[in-house]
Amino acid sequence: MINFNKMNAIESIDINSLDYKKTSNKMNIAVMIDEGIKAKGYKYKDFASRLNRTSSEISKWLSGTHNFTIDTLTEIEEELNITLVSKIINIEENNFCYPCYLLIK
């Protein structure tokens, strides 16, 4: 019988900061989409229908593992009236840029 030490297994997992950030961003986007769907009072199948997508595709989006295109995120933003994509604004007088979420909607 194999003696499995849980602590050694946890220590052996090496997640670099870039992979962690990618995963975190995907999960955060999934949460924001889910909250937007609920705020609109949509059922998942209704939301899927409004975007001409399948329920299984919406389920994949909400899993937190989907790698979205900008086009898909834009479609979701428009339907749910939320902001998902970070915008960069050039502040010319200071000669640098700020990442900023534009809350236009």
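Each value in this text was obtained by applying a stated rule to the coordinates, not by laboratory testing. Please read all numbers here as calculations on a predicted model, not as lab measurements. Neighbour counts are summed over all protein chains in view; Cβ atoms, including those assigned to glycine, are modelled from backbone coordinates with ideal geometry.
Note down the net charge around Glu75, summing +1 for each Lys or Arg and -1 for each Asp or Glu among other residues with Cβ under 10 Å from its Cβ. Show your work: numbers first, answer last.
On the way: positive: Arg50, Arg53; negative: Asp71, Glu77, Glu78, Glu79.
It works out to a net charge of -2.
Rounded to the nearest 0.05, the FRET efficiency derived from the C-beta distance between Ile15 and Lys60 at R0 = 35 Å is 0.95.
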